[in-house]
Amino acid sequence: MAKTIIVTGTPGVGKTVLARLLAKQTGFRFLNLGELVKKERLYSRFDGLRQSYVIDERRLHKTLIDFFAARGEGGLVIETNWVGKFMPKKRGMIAIVVRLDPVVLASRLRGRRWPKRKIWENVEAELIDLSLYESLKRLGARRVYEIDATRKRPGQLLHEAMGLISARKGWNGIAASWLQRYDPIELSRKIL
C-alpha cells in the first residue's frame with residue numbers, strides 16, 4: 001500500500017470526509033494542507049475577492065519536505081484542493097481525485113453561503129477537470145485515481161478508494177467528464 005495518500009478535489013466534493021475515513025481505515029496520520037498553511041502562515045497574502053489565502057508555494061514545499069523527513073516511515077493521508085509544485089514527489093505517493101457533479105457542487109457551496117463568483121470559479125474548476133489535470137501532471141497516470149462522489153455515501157467512497165488503492169492500476173481515463181454533460185455557458189447562467 002502507498003505510504004502517502006493525497007485526497008484532492010474541488011472544495012465541496014467530499015474530500016475531507018474521505019481523507020479522514022482513509023486515515024482511520026489505514027491507521028495513517030491525517031494532514032489537512034489548508035489548515036497547515038493557515039497555522040504555519042505559509043501564505044503570501046489574503047485574497048479578499050476569493051476569501052482565501054494565496055499559498056507561498058516555495059515555503060510550503062520546504063515545510064512539506066521537512067515534514068516528510070521528520071515523519072519517518074509512518075503513513076500519511078493529505079487532504080488538499082490541488083497537487084501543485086509545492087508537493088514533493090515521494091516514492092509510494094498516490095493521489096485520489098474526488099469528483100462531483102457540478103450542479104450538486106454548486107448546491108453544496110450555496111449551502112455554505114459562498115459568494116456566487118467563488119461558487120462559479122469552483123464549479124468551473126470541476127467542469128474542466130482541474131484537480132485531476134494537476135494531479136496527473138505532478139504524479140503521472142500510474143499514481144492517480146479518480147472517484148465520482150455523486151450520489152455516494154461516505155462508506156461507499158471509502159470502499160471504492162480502498163479497492164482502487166489495492167488494485168494499483170492507476171488512472172485509466174476520465175471517470176467524470178462533466179463537459180460532455182453540461183454546457184458551461186448554460187451552467188454559468190444557472191449559477192450566476
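When you restrict to C-alpha pairs under 8 Å that are six or more residues apart and normalise by the size of the chain, the relative contact order lands at 28 percent.
Among Arg151, Arg168, a tally of other beta-carbon atoms within 10 Å of each Cβ gives an order, fewest to most, of Arg151, Arg168. Anisotropy class assigned to segment 123-186 is oblate, per the alpha carbon gyration tensor with a/c at or over the 1.5 cut-off and a/b no larger than b/c. Once you order the gyration tensor axes a ≥ b ≥ c over the Cα atoms, which shape class does segment 50-98 get: rounded for a/c under 1.5, otherwise prolate or oblate by comparing a/b with b/c? The shape class here is oblate. Cβ crowding within 10 Å, taken as a proxy for footprinting-reagent exposure, orders Phe86, Phe68 from fewest neighbours to most as Phe68, Phe86. Most simply put, the chain has about 15% antiparallel DSSP beta bridges, counting only bridges with both residues inside it. From least to most packed, judged by other beta carbons within 10 angstrom and beginning with the fewest, His61, His159 follow the order His159, His61. Report summary: the helix-based calculation at 222 nm, which adds -39500 (n - 2.57) for every DSSP H run with n ≥ 4 and divides by the residues of the chain, gives -14000 deg cm²/dmol. For Kirkwood radius over Cα pairs in Å, the value computed from the atomic coordinates appears in the list (1) 17.1; (2) 18.5; (3) 17.7 under label (1). Among rounded, prolate and oblate, which fits segment 65-124 when a ≥ b ≥ c are the square roots of the eigenvalues of its C-alpha gyration tensor, a/c under 1.5 means rounded, and a/b larger than b/c means prolate? Because a/c hits 1.5 or more and a/b exceeds b/c, segment 65-124 counts as prolate.
Sparse packing (at most 15 other Cβ atoms within 10 Å of the Cβ) combined with a DSSP loop state is found for the following GluC sites (Glu not before Pro) in segment 6-77: Glu40, Glu73. Using only side-chain charges placed at the Cβ, +1 for Lys and Arg and -1 for Asp and Glu, the dipole size of the chain relative to its Cα centre rounds to 380 debye.
Bear in mind these aren't lab numbers, they're just calculated from the coordinates by the rules spelled out. The model shown is predicted, which means the values in this text are computed figures rather than measured ones. Note that we place each Cβ from the backbone using ideal geometry, even for glycine, and neighbour counts take in every protein chain shown.
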